[in-house]
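Following: one structure in structure tokens, then a few remarks.
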């Protein structure tokens, strides 16, 4: 992925040791999102080095993301490359496959190879909310505001956000948030389990940096195996979960034993 590709998509991407940072970089439009951005996010996921242990997603400036670029709802509008409105001219199977490609820009953030963190300032609306939901953890400023705006536009959330929302807050609260398209403020987000913590905006960078340091302190395999166990735990029977724990622990024992064995 070249710097030019990233700039065209409105993104910045940096790797510093075991930490990758993705920045939505369209501050003039409050980091609104486009299909080009989604396809580029998916490509970043495909190219992410295996030694990356934490991925931080953030927005440039005072807003995480105001959601879909509204110009994209007009045929030919938006960034001049691909418009959501153009989907209307496609047959159903092509609409579905195109949306699937958009979703790929979000779902890779749950990969067990790393822990993903959404660092949220200001608004996370629609696609912005779903991008935050795609991350494992959400650490937010006390000015954060979440909103699933799709229903107000006659649409549904379709960027892989419905499942993590239900998992975070439960079915009833998720339905209410989506169907009413209301704002969820920072304190409520923490109270209902949507966010890990809310801190004063000036402290957000430090708090996330401390969390990143804590996540990268254990051996990589321990965090990856733990995330993989927890990701599917809710949908498994207890016996299966216990089996997977045993298998994961056996792998951990073997790796630790190898590390403690003196090199010949």
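Structure summary
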item	result
Degrees, to the nearest 10: 35-47 long Cα axis against longest axis of the chain	10 degrees
Förster radius 30 Å - calculated FRET efficiency between residue 261 and residue 168, Cβ distance, rounded to 0.05	0.10
Percent antiparallel among DSSP beta bridges (both partners in the chain, rounded to 5)	25 percent
Three semi-axes of the equivalent ellipsoid, the range 1-103, Cα gyration tensor, whole Å, largest first	26, 17, 10
Chain lengthening between residue 205 and residue 219 when straightened (0.36 nm per residue, less Cα-Cα)	2.6 nm
Among 42, 66, 191, residue whose mean-square fluctuation peaks in a GNM of the chain (springs only between Cα atoms under 10 Å)	191
Value of relative contact order over the chain, rounded to a whole percent, pairs C-alpha under 8 Å and six or more apart	15 percent
Kirkwood Rh, angstrom, the range 21-73 [1 / mean 1/r, Cα pairs]	12.0 Å
Highest-MSF residue in the chain out of 236, 39, 53 [GNM, Cα springs under 10 Å]	236
Linear extension gain, residue 153 paired with residue 14, 0.36 nm per residue minus alpha-carbon span	46.6 nm
If the convex hull is drawn through the Cα atoms of the range 220-260, its volume per residue in Å³	42 Å³
Computed P(r) (all Cα pairs; the chain; 5 Å bins; percent)	1, 6, 12, 16, 18, 17, 13, 8, 5, 3, 1, 1, 0, 0
Cα-based Rg of the range 104-145 normalised by 2.2 N^0.38 Å, two decimals	1.14
Largest-first principal axis extents, alpha carbons of the range 138-245, Å	44, 39, 22
Debye-sum result for the range 73-165 in log10 I(q)/I(0), which assumes one identical scatterer on each alpha carbon, at q = 0.15, 0.18 Å⁻¹	-0.67, -0.92
Solvent-free Debye scattering, log10 I(q)/I(0), computed from the Cα coordinates of the range 188-264 at q = 0.13, 0.22, 0.26, 0.28 Å⁻¹	-0.65, -1.04, -1.15, -1.21
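FYI, it's all coordinate maths here, none of it is from the lab. The shown structure was predicted, so the numbers you read here are calculated from the model rather than taken from an experiment. Cβ: placed from backbone, ideal geometry, glycine included. Neighbour counts: every protein chain shown.
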